[in-house]
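Shown next, in structure tokens, is the structure this report addresses.
The values are calculated or read from the model by the stated rules, or taken from the named source; none is laboratory data. Keep in mind that this is a model prediction, so the values were computed, not measured. Virtual Cβ from ideal backbone geometry, glycine too; neighbours counted across all protein chains shown. These area figures cover heavy atoms from the full protein model, side chains too; ligands, DNA and RNA do not enter into them. Shrake-Rupley method; radii C 1.70, N 1.55, O 1.52, S 1.80 Å.
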Amino acid sequence: MSTVLECRKLAKHYGEGDLAEPVLREVTLHVQRGEACVLIGPSGSGKTTLLSILGCLLTPSGGELHIAGERVNFGSLRALGELRRTRLGFVFQHAQLLPFLSVEENLRVVGRNAGLERVALNGRINMLMQRLGLEAMRGKKPDKLSGGQRQRVAIARAMLHEPSILLADEPTAALDWHNGENVVDMLIAQAREARAALIVVTHDTRLLPKFDRVLSIADGCVKETPTLKPHAN
Ligand SMILES: Nc1ncnc2c1ncn2[C@@H]1O[C@H](COP(=O)(O)OP(=O)(O)OP(=O)(O)O)[C@@H](O)[C@H]1O
Ligand SMILES: [Mg+2]
């Protein structure tokens, strides 16, 4: 087992001085490669805030974040950009695809930004399209896809550069149960196969048994909750 994501006493407050509102007080967490975690907690408890810090999109007010054994330097925009491009993959509530590009072009743009060579990029796109059942959608624009198909494209986009950490903030919130379950199954399968650490935020407790670990956030801290995962799975 190797720890790919570690936070030590992470804290975050919004605002300054008397107006400072603590959201995260002391979040300490270790996630191993290949581990599928779900993060739950009431609305406003800080799930998006935590995911944004783990994804190097938001600077914490205190504590440390280590990715692949190295402490993240939140003072360096260049270092943060590099981590996001090479180590991190994101899936959001709404897929946020570029509407004027086809599915394939949406992936190609991100792959080029990540610095993938043409041949390697073609190989990754072909493989992910096939795994995620998107081959027939390649040439279509996002508005011709269903919500579940769009989220599958978002997963392909997040996995394109083989990130070691995959973060998903309520990826099923806009989907019905069947499509939502399918998207979570695919996220877990893709993360397992790539041995990426996965953290998914959801309000849907029916999905919890699919994950290796259930993390719950309350009063600014993250606690481990016994998993409901059946052993055979
Ligand atoms: N940019 C911001 N400026 C000030 N306060 C903020 C900001 N972003 C979030 N907050 C506050 O921080 C708290 C946590 O917000 P966050 O979005 O992390 O919660 P959440 O657990 O993701 O909630 P939800 O389940 O509704 O998405 C909330 O009280 C929110 O109002
Ligand atoms: Mg949120």
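For the chain, the number of Lys pairs with C-alpha atoms closer than 22 Å, counting only pairs eight or more positions apart or on separate chains, is 9.
If you average over every viewing direction, what projected area does the convex hull of the Cα atoms of region 3-225 give, in nm²?
Numbers: hull surface 48.8 nm².
Across all orientations, region 3-225 yields a mean hull projection of 12.2 nm².
Per-residue ellipticity at 222 nm, computed for the chain from helices alone with -39500 (n - 2.57) per DSSP H run of at least four residues, works out to -10000 deg cm²/dmol. Remark: the chain carries a charge dipole of roughly 700 debye about the Cα centre, counting +1 on each Lys and Arg Cβ and -1 on each Asp and Glu Cβ. Split the chain at each of the GluC sites (Glu not before Pro) in a DSSP loop with at most 14 other beta carbon atoms within 10 Å, and the longest piece is 118-233.
The solvent-accessible area of Thr202, taken with every protein chain present and a 1.4 Å probe, is close to 10 Å².
Electrostatic tally near Val110: other residues with Cβ closer than 13 Å to its Cβ, Lys and Arg +1, Asp and Glu -1, net +3.
Label positions at Asp18 and Gln96, each projected 7 Å from the Cα along the C-beta direction, are separated by 3.6 nm. A probe of 1.4 angstrom, applied to the heavy atoms of all protein chains, finds Asp176 with accessible area near 90 square angstrom. Rolled with a 1.4 Å probe across the full set of protein chains, the surface gives Ser146 an accessible area near 50 Å². For region 128-176 and region 1-37, compute the distance between their C-alpha centroids and round to whole Å. Cα centroid to Cα centroid, the span is 27 Å.
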